[in-house]
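**Q** Dropping the structure in here first, questions after.
Any read-out appearing in this document is the output of simple, stated calculations on the displayed coordinates, not a laboratory observation. Only a predicted model underlies this, so the values are computations on that prediction, with no experimental measurement involved. Quick reminder, even Gly has a Cβ in these numbers, built from the backbone with ideal geometry, and neighbours come from all protein chains shown.
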Amino acid sequence: MFVKICGITRREDAEAAVAEGASALGFVFWPGSPRFIAPSLAKEIVAALPRSVAAVGVFVNQPASHVNSVAKLAGLSAVQLHGDEDERAAAEMTLPVIKAVSVRDGAFPDRQWPKRVMLLFDADDPIRRGGTGMTANWPAAAAVARRRRVLLAGGLRPDNVGEAIGCVRPFGIDVSSGVEQSPGIKDRRLLAALFEAIRKGEKRHAEGASKTRATKARKHEKESHPSGKTRATKTRKHKTESPKRHTRAAKTRKHKNTK
C-alpha cells in the first residue's frame with residue numbers, strides 16, 4: 001500500500017519514516033501551518049531520500065508560479081493542493097497533482113476532477129487545512145474509491161488505520177498528526193506501530209479476499225456440475241426403482257403362465 005507520512009520538518013523523522021517503509025514524505029510549504037518547512041531545508045532532506053521515495057509539497061491557495069518554483073527548488077516529485085484550488089489551477093502545475101477534497105452536505109467532489117489528479121480525502125476543516133486529527137467521511141471516501149484511486153487522510157492512527165483501510169479500500173493513506181509527539185515532530189514508536197497495523201490490516205484483507213475467491217469457486221463448481229450429493233440421490237432413486245421394475249416383470253410372466 002502507498003503510505004505518505006506528511007508534515008516532515010526534520011531529517012531524522014524523514015529517515016525514520018523511510019526505514020519503516022514510507023512510500024512518500026510530505027512537506028508543508030503553507031506558512032499558516034504549524035508544520036511549515038522552509039524550501040531550502042526541505043531541499044536538503046529530499047536530496048538524501050532514496051529514489052524510490054516520493055517527495056510531495058503541500059500548498060494552500062498559493063499562486064501556481066510560487067508552487068512550481070518551490071517544487072523545482074526543493075526537488076519535489078508531486079504537489080498537493082490543499083486549499084480551494086480548482087481543476088484550472090491544477091492544470092497549471094508542472095508536476096503530478098494530488099488534490100485534497102472533503103465531503104460537504106453529502107456531495108461527492110470527485111466528478112469534476114480528471115483521473116490524472118489523485119484525490120486525497122481529508123476531514124473538512126477550511127481553517128487549519130489538515131493535520132487536525134479529525135477523521136474524514138469514510139463511507140463517502142469508500143464510494144469514490146470504488147470508481148477511482150484515492151488517498152485517505154484525516155485522523156489516521158495506529159489504532160484505527162486497519163479499520164479505515166478495510167472500510168475505504170484506498171489506493172493509499174496519508175498520515176501526519178497520528179504519528180506525532182507535537183506538530184512537525186514525529187514519534188518513532190508511533191511510526192513503527194502504524195506500519196505494523198498496516199501490515200496486519202493488509203494481511204487480513206488478503207486472507208478475506210482468498211476466502212471469498214474460494215467460496216466463489218466452490219459455488220461455480222456446484223453450478224457447473226451436479227454435486228456428489230445429487231449424484232448419490234439419483235443413484236439411490238435408481239436402485240429403489242429397479243426392484244419395482246423387476247416385480248412388475250415377474251408378475252407379467254406369472255400371468256402368462258397362468259393362462
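**Q** Step through the residues of segment 56-72 one at a time and calculate ³J(HN,Hα) from phi using the Karplus curve (6.51 cos²θ - 1.76 cosθ + 1.60, θ = phi - 60°), rounding each to whole Hz and writing x for Gly and Pro.
**A** Residue by residue, segment 56-72 yields 10, x, 9, 10, 10, 6, 9, x, 4, 4, 5, 4, 5, 5, 5, 4, 5 Hz.
**Q** Next question, about the same structure. Choose one of Asn137, Ala74, Met118: the residue whose Cα lies farthest towards the positive end of the charge dipole of segment 2-209 (beta-carbon charges +1 Lys, Arg; -1 Asp, Glu; about the Cα centre).
**A** Met118
**Q** For Ala192, what charge total do you get from the other residues with a beta carbon under 12 Å from its beta carbon, if Lys and Arg give +1 and Asp and Glu give -1?
**A** Its environment carries a net charge of +1.
**Q** Okay, next question. How far, in nm, would the chain grow between Arg111 and Asp159 when pulled straight, counting 0.36 nm per residue and subtracting the alpha carbon separation?
**A** 14.1 nm
**Q** Stretch Glu202-Arg10 to full length: gain in nm at 0.36 nm per residue minus the Cα-Cα span?
**A** Difference between extended and current length: 66.2 nm.
**Q** Which of the residue pairs Lys43/Lys200; Lys200/Lys222; Lys4/Lys43 have a Cα-Cα distance greater than 28 Å in the structure shown? It would help to have the intermediate numbers written out before the result.
**A** On the way: Lys43/Lys200 34 Å; Lys200/Lys222 33 Å; Lys4/Lys43 18 Å.
The answer is Lys43/Lys200; Lys200/Lys222.
**Q** Segment 2-209: percent of C-alpha pairs farther apart than 32 Å?
**A** 10 percent
**Q** Whole-Hz Karplus ³J(HN,Hα) for segment 114-122, in order, using 6.51 cos²θ - 1.76 cosθ + 1.60 and θ = phi - 60°, x for Gly and Pro?
**A** Per residue, the Karplus-derived 3J(HN,Hα) values read x, 5, 5, 8, 7, 8, 10, 8, 10 Hz.
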